[in-house]
Structure formats: structure tokens, C-alpha cells
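These notes concern the structure reproduced below.
The values are calculated or read from the model by the stated rules, or taken from the named source; none is laboratory data. Predicted model only: the values in this text are computed from it and were never measured. With ideal geometry, Cβ positions are generated from the backbone for all residues, glycine too; neighbour counts draw on all protein chains shown. The accessibility values were calculated without ligands, DNA or RNA, using every heavy atom of the protein model including side chains. Shrake-Rupley method; radii C 1.70, N 1.55, O 1.52, S 1.80 Å.
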Amino acid sequence: IADVKLWIRGATGATVIQSAKIGATGISGATLRTFTLAESLVGETTLAAAKTISWTPAQTAADADLLATAINSAGFTNIEAEVDTQNRVLIKHRLGGEFRMAEGTGTPLVDYGFAARNYEPSSGTGM
């Protein structure tokens, strides 16, 4: 006899997380920031290899766009980022799958108001 855990998708649509609002003075410290981001892919049981996201904040409101551009330039299949009207970065898994983020150089996730964790589609919180 084996233990089995069944999962039922609790929601439809994209898995989305949002940063804190990036103000006029942006992110403190104009030094290189990095973190890793891994995504789930259709038909795979494990996450794809993590990619390193790198950028240097300008210490202006444009820091939100710099992060979104760095994510979108990384070549993900299902992950995309955008900046909303309140200057928050939205990171999305288009298919509603999972993604994992981990700090790299500095603390960019904390700086932007994210947490280093696994994000899963049913709740948008870490596992």
C-alpha cells in the first residue's frame, strides 16, 4: 500500500505575484542585483532549470521597468513580467503553473517586496 496525495487545481488563469510600489527614488543602492527564477513547464514533473536574472537599479521609479525587462529578457517559456499603473512589478506564470525564486546577489527580492519561495497556483503563496 502506498500513500497518494491528489492535487486539484483550485483556480484558473495565471499565477501572479506583485511587488511593492516602486517610488520616485526607486531601489536603494545602484549595484548589481541577481536572483534565480525557475518555472514549471507543461508535461514536466519538475521545474525547468533556474535562470539568473541580473540588473542594476537606477535608484529611480524606472527600477520597476528594469526588473520587468530583465525577467522578460531571460527567455522563459511561461514567465513574463509587467509594470502596473501603480508602478508595481507583476510576475506571472501565463498558464497558472508554479515558479520558484531565490535571492542571489544582494537582496533584490526583499528590496522589491517579494519573498524567496515557491509560488503555486492555488494560493499564490509559498509551499
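Key figures for this structure:
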| quantity | calculated |
| --- | --- |
| Within the stretch 73-88, tally of residues that are assigned to a loop (DSSP other than H, G, I, E, B) and farther than 21 Å from Thr25 by Cβ | 6 |
| Qualifying positions in the stretch 81-99 - within 24 Å of Gly43 (Cα to Cα) and open to solvent by less than 30 Å² (accessible area, probe 1.4 Å) | Ala81, Ile91, His93, Gly96, Gly97, Phe99 |
| Sole exception among (1) surrounded by 19 or more Cβ atoms within 10 Å (Cβ to Cβ); (2) more than 14 Å from Thr15 (Cα to Cα); (3) of a type outside the set (Lys, Arg) for Glu120, by number | (2) |
| Lone unmet requirement of (1) in contact with a Ser or Thr (Cβ under 7 Å, 6 or more places away or on another chain); (2) within 14 Å of Leu109 (Cα to Cα); (3) modelled with pLDDT under 95; (4) not polar (S, T, N, Q) for Val89 | (3) |
| Number of positions in the stretch 56-80 that are closer than 19 Å to Leu109 by Cβ and either open to solvent by 60 Å² or more (accessible area, probe 1.4 Å) or free of Cβ contacts under 8 Å to residues at least 24 places away in the same chain (or both) | 10 |
| Flag if Ala102 is touching a strand residue (DSSP E or B) at 6+ places or on another chain (Cβ under 6 Å), open to solvent by 20 Å² or more (accessible area, probe 1.4 Å) and closer than 14 Å to Phe35 by Cβ | yes |
